[in-house]
Amino acid sequence: MSPATLAPLLMIASGSIHAVVNAILKGGKDRAAGRAMIDGSSAVLMLPALLFVPLPGEGWSWLAASAALHGLYLYALVRAFDVSDFSAAYPILRGTAPLVPPPSRSGCSASPPARRRSPASPCSASRCS
């Protein structure tokens, strides 16, 4: 299957899965238990994939930090659903999740990224610094 065909199919599958998960969470009595069941079953379904991908070598600390932050996000999501309307909480939480990585990235580098200039750039060093 070509990437041009696979990408839209994966997007449709992802959207459909999100819709089902949200319907389960919205309709359930105990949202924390529902979320745990959803994530647990997802983990069990994905375990066979470990046979086909390499393990992350030196990236275990990053993997652990990512898992901890995702767990915190899921806890906030379930708590928000418990205290507010689903249709108000979900867009806010899903919209703020992409805002977390850029500020956290600033502490990962010892020096700021260098500005790149092409050799044919009309800017001189004194004007563009």
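The values are calculated or read from the model by the stated rules, or taken from the named source; none is laboratory data. Only a predicted model underlies this, so the values are computations on that prediction, with no experimental measurement involved. Note that each Cβ is placed from the backbone with ideal geometry, even for glycine, and that neighbours are counted across all protein chains shown.
Annotations for the structure displayed:
- Long-range neighbours under 8 Å by Cβ, at least six apart or interchain, first residue free of Cβ contacts under 8 Å to residues at least 24 places away in the same chain and under 15 Å from A76 (Cα atoms) within region 26-41, second assigned to a helix (DSSP H, G or I) and of a type in the set (V, I, T): G34/I24
- Of the helices (runs of 4 or more DSSP H) lying entirely inside region 14-99, those containing at least 2 residues that are at pLDDT 85 or above and exposed (fewer than 11 other Cβ atoms within 10 Å of the Cβ) span 31-46, 60-83.
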